[in-house]
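Here the structure comes first, spelled out in structure tokens, and everything after it is commentary.
The values are calculated or read from the model by the stated rules, or taken from the named source; none is laboratory data. Everything numeric here is computed off the predicted structure, so don't read it as measured data. Here the Cβ is made from the backbone with ideal geometry for all residues, glycine too, and neighbour counts use every protein chain on show. Please note that ligands, DNA and RNA were not included when accessible areas were found on the heavy atoms of the full protein model with its side chains. Shrake-Rupley method; radii C 1.70, N 1.55, O 1.52, S 1.80 Å.
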Amino acid sequence: MASVEKTKTVAKAKTSTAAPPQKRGIPIPSPFERVHTGPLTEELLLEPGKFGLGMVPGTKQPNATTTMACGFCSTGCGLNVHLADGQAVNLTPAVNYPVNLGMACPKGWEALAALPASDRGTTPLIRTNGKLQPASWQAAMETFCDSFKSIQQKHGKDSVAFLGTGQLPSEELAFLGALAKFGMGMVHGDGNTRQCMATAVTAYKQSFGFDAPPYTYDDFEQSDVLVLVGSNLCIAHPIMWQRVLRNKNNPEIIVLDPRCTETADAATEHVALAPKSDLALLYGIANLLISKGAIDQRFIDQSTSDFEGYQSHVKTWTPEVVSRVSGISTAQLHRVADKIAAGKRVSFWWTMGINQSYEGTRAAQAIINLALMTGNIGRPGTGANSITGQCNAMGSRLFSNTTNLLGAHSFDHPEHRRKVAAVLGIEESTIPQETGDTYDKIMAGIAEGRIRGLWVLGTNMAHSWIHQSECRRLLDKLDFLVVQDMYHSTETVAHCDLYLPAAGWGEKEGTFINSERRIGLLKKVSRAPGQALADFSIFQLVANYWGCGQMFERWTDPEAAFQLLKQLTAGQPCDITGIESYRMLDEHGGIQWPYPQDNPDTGQQRRLFADGRFFHKDGKARFIYDAPQPMPEPTSDQWPFLLMTGRGTAAQWHTQTRTGKSSVLRKLYPAEVYVEIHPLDAAEMGIAPDQKVTVLTARGSVTANAFITPTVNQKQLFMPMHYVEVNQLTMAHFDPWSKQPSYKDCAAKIEV
Ligand SMILES: Nc1nc2c(c(=O)[nH]1)N[C@H]1C(S)=C(S)[C@@H](COP(=O)(O)OP(=O)(O)OC[C@H]3O[C@@H](n4cnc5c(=O)[nH]c(N)nc54)[C@H](O)[C@@H]3O)O[C@H]1N2
Ligand SMILES: Nc1nc2c(c(=O)[nH]1)N[C@H]1C(S)=C(S)[C@@H](COP(=O)(O)OP(=O)(O)OC[C@H]3O[C@@H](n4cnc5c(=O)[nH]c(N)nc54)[C@H](O)[C@@H]3O)O[C@H]1N2
Ligand code: SF4
Ligand SMILES: [Mo]
């Protein structure tokens, strides 16, 4: 059957890609040209130039400049990519893009450096006699499908799963989720956004009735008080920080972070609270605001429910109690409350210092509660604002088809299944009725032997998942591991049975959604090396070899997929049915959701909740609260230090597969792993600057260079996550609601 299908598809693909305009022997596609129009075949792949280079949409000029969204962080800056013969040669920050206004951080400037590396995958690799050996796409696809199908036959359809990422465009994420769950019969799939955003998603859903970060970046400039909780904006979102610097109100900037980060240093008030005392401290601030009468009773009455319960819950969190728990003086607690009370436009922002916690969801909701009780939401310069991490974490929240059904729907909702089936033109019965396991449960499933096949894309989990040695043991326990990545050299690829070479940012089309809900466009400005393919094309291949290609006939190319995603959002809070095309996104400098077809607000800046109505049925936001929990692994005589982890510099991106390729960026951070330690602790232990020390936890030990600095408090340590060693030390524990790993608290000791 396979061979008959193949002959057919070659013929179809050949006619549809015939005679593109030629330039120096390389076909140049028309604007937004389809990656290809039929299922890929071996023969098609090997023909040079079928996946030819990008062009400036609308100009038909191969030597010109085109604007696209950056592929690193969720700020979503616009970058002007300069082309020669249709191929990217350089880039500069886009001046007219509403996000970055002509600025970019070092990663953005160096984004093209990640593409031409010598460890780029150029062919599929199949593990044969213990070694990964080059193979054809046909052999790779047959191995993939045969292996997964035979696992499913023996152990049930749900014995294979996938793990995706917040770094693929929405069109690819949706295709992956639809293919895996509807086409291949998987039930379980999740992504690295679990490590990152799950807490904010859960908090918003419970509090607002929908996962809806309400802000627009202009709010950074409009506030008179900004409260940043567990967010190192200067390092992790440098261009958002630049937006703060453009604020003309001489704002109060209050930073809650145990460390004196670059951001805390630049703040007007640094609250160096004890790690994980946020919940108690935020309840204490709420209590103080109530006692000072600094609440917006009208807003509370009209737009929220259960304020009375909250009021009595926080009563016990007196300044004295909070001071004992957090180490913050009662005077500073009063000062912070007074500053919030005095603010006319107070915005609250949070990132991983809150999300990555064993009680992150409740801590995020304690921030939301502050915004609600003071009426600081829905107006310029206000909001309870979660800052996202990866370039398309927000897209994955809506479209990854992991724990939400496509378009922020629910798997267990019959109406929702019917709607999705109709839009995609598939049988409703192919849509699972259960939500599927989260990342942590998928890992537990591997340990239990319940999950035996895994497809990992766009995440380097053997470096980034919590408690690394256990993660790697589980990867090796799998019957079959497929890894799809730009590079064949990652720590995760080293464990796989099959490697699929993927095109990266700049080598394919699609859309990302940034932190302020802005949908930005990606363009193909460079040709992927060798036989590497856009993830979108790989999904088409898998669908065809699996035998479910007919289910995905509507997914001809990224823009066609975008049209499907649009229809899926109809009637949802994230409705984008008014966005006509990629070209419209291009012309508008990205468009924020919602943008419904009927009567959209066409302004370039948009925030939610201006009408004081939330997404729960009664239109009200909820106060949600709980008792703070003890730290699962507190420090002790044997383990006297608390180890925190996070971002190191603006020049390093996660597991460094991309940023590590730039010689410019490599000059901006230490080559070897280091541990931040307080000068008094170092003196007590006789540790000299840069001396090699051993950092130990109950999970492992790591040799690191001592970086003696008062940015950490005594008996606290900090290590940047970019070095592969760091997750050998972290302890697998999770927020009970969001299942997000708590990466920033475990007990450690230092040996010299
Ligand atoms: N340069 C660079 N930028 C990035 C990334 C990158 O890898 N490199 N990654 C992107 C991604 S995916 C993400 S998710 C974001 C993350 O962005 P951030 O969340 O800003 O970065 P982190 O350094 O992980 O954590 C922020 C701060 O939380 C503090 N913290 C630790 N424990 C606590 C606590 O108990 N309470 C409080 N209040 N604070 C605490 C840490 O000291 C740290 O300064 O960055 C994005 N931007
Ligand atoms: N200790 C500790 N650990 C942490 C954190 C922490 O604060 N502390 N933070 C956590 C957070 S918030 C995050 S988001 C994670 C990030 O952890 P990871 O997701 O593992 O980090 P990346 O290095 O971004 O991995 C992305 C992978 O996708 C590949 N890739 C890039 N583009 C493409 C593409 O277009 N297609 C395909 N197929 N592959 C592509 C890259 O080469 C890389 O291997 O780390 C988490 N781990
Ligand atoms: S701030 Fe983020 S989006 Fe902007 S250039 Fe830097 S990495 Fe790219
Ligand atoms: Mo993240």
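Hull surface divided by four, with the convex hull built on the Cα atoms of the stretch 222-261: how many nm²? Don't skip to the end; give the middle numbers.
On the way: hull surface 10.7 nm².
Quarter of the Cα hull surface area: 2.7 nm².
For the chain, with all protein chains present and a 1.4 Å probe, just round the carbon and sulfur fraction of the accessible area to a whole percent. Display every interim value, and only then the final one.
On the way: 13110 of 25750 Å².
Answer for the chain: carbon and sulfur cover 51 percent of the accessible area.
The residues of the stretch 445-516 expose on average 22 square angstrom of accessible surface per residue, using a 1.4 Å probe on protein heavy atoms. When peptides 342-352, 691-701 are ranked by their average number of other Cβ atoms within 10 Å per residue, the highest-first order is 342-352, 691-701.
With both labels modelled 7 Å from their Cα along Cα-to-Cβ, the residue 680 to residue 605 distance reads 4.4 nm.
Charges only on Cβ, +1 for Lys and Arg, -1 for Asp and Glu: so what's the dipole of the chain about the Cα centre, in debye to the nearest 20?
Values: 70 positive and 73 negative charges, 177 e Å.
Result for the chain is approximately 860 debye, rounded to the nearest 20.
Compute the label zone of residue 245 within the stretch 70-109: residues whose backbone N is under 19 Å from the point 7 Å along Cα-to-Cβ. Backbone N within reach: 73-79, 92-109. Taking 27 Å as the limit for the C-alpha separation, the pairs 149/508; 157/566; 157/477; 107/181; 107/749 exceed it in the case of 149/508; 157/566; 107/181; 107/749. A straight Cα-to-Cα reach below 14 Å connects residue 315 with the aspartates and glutamates 626, residues fewer than 8 places away in its own chain not being considered.
Take every Cα pair under 8 Å whose residues are at least 6 apart in sequence, average their separation, divide by the length of the stretch 500-627, and the relative contact order is 20 percent.
Its Cα gyration tensor gives the stretch 437-498 an equivalent ellipsoid. The semi-axes, each the square root of 5 times an eigenvalue, are 17, 12, 10 Å from largest down. Look at the dipole of the stretch 322-463 built from charges on Cβ: of 457, 364, 444, the Cα furthest out on the positive end belongs to 364.
Express the C-alpha Rg of the stretch 214-386 as a ratio against the empirical globular expectation 2.2 N^0.38 Å, rounded to two decimals. Intermediate values should be presented prior to the final figure.
Numbers: Rg = 14.7 Å, N = 173, 2.2 N^0.38 = 15.6 Å.
With N residues counted in the stretch 214-386, Rg over 2.2 N^0.38 Å equals 0.94.
Subtracting the Cα-Cα distance from 0.36 nm times the residue separation, let me have the gained length for residue 476 to residue 150 in nm, one decimal. List each step's numbers first, then the result.
On the way: separation 326, 0.36 × 326 = 117.36 nm, distance 1.83 nm.
Roughly 115.5 nm would be gained on extension.
Per-residue packing, averaged as other Cβ atoms within 10 Å, sorts the ranges 190-203, 598-611, 564-577 into the order 190-203, 564-577, 598-611, beginning with the highest.
Entry comment: accessible area of the stretch 166-285 is 20 Å² per residue, from protein heavy atoms only and a probe of 1.4 Å.
Based on the reciprocal of the average 1/r between different C-alpha atoms, the Kirkwood radius for the stretch 292-448 equals 19.2 Å. Applied to the stretch 489-496, the Karplus parametrisation 6.51 cos²θ - 1.76 cosθ + 1.60 on θ = phi - 60° returns per-residue 3J(HN,Hα) values of 9, 6, 4, 6, 4, 4, 9, 8 Hz, with x for Gly and Pro. Using only side-chain charges placed at the Cβ, +1 for Lys and Arg and -1 for Asp and Glu, the dipole size of the stretch 394-527 relative to its Cα centre rounds to 460 debye. Note on the chain: Cα Rg divided by 2.2 N^0.38 Å, N the number of residues, gives 0.93. Return the aspartates and glutamates within reach of residue 715: Cα separation strictly under 16 angstrom, same-chain partners fewer than 8 residues apart disregarded; answer none if there are no such residues. Output for residue 715: 257, 633, 637, 676, 681, 684, 745, 751.
The listed residues 358, 499, once ranked by accessible area (1.4 Å probe) with the largest placed first, stand as 358, 499. Given points 7 Å out from each Cα along the Cα-Cβ axis, report the residue 89 to residue 64 separation in nanometres with one decimal. Placing both labels 7 Å along Cα→Cβ, they lie 1.7 nm apart.
For the pair the stretch 653-693 / the stretch 422-455, the C-alpha centres are spaced 39 Å from each other. Per residue, the average separation of C-alpha pairs within less than 8 Å and at least 6 apart gives the stretch 214-386 a relative contact order of 32 percent.
Please compute the contact order of the stretch 433-487 in relative form: average sequence separation of alpha-carbon pairs under 8 Å and at least six residues apart, divided by the residue count, as a percent. Relative contact order, the stretch 433-487: 42 percent.
Sorting 612-623, 425-436 by average packing, meaning the other beta carbons within 10 Å per residue, from highest down gives 612-623, 425-436. Taking amide H as placed 1.01 Å from N in the peptide plane, residue 621 has its amide H under 5 Å from the amide H of 304, 305, 614, each at least 5 places away in sequence or on another chain.
Evaluating kT/(6 pi eta Rh) at 4 °C and 1.567 mPa s, with the Kirkwood radius of the stretch 641-751 over Cα pairs in the Stokes-Einstein relation, gives 89 µm² s⁻¹.
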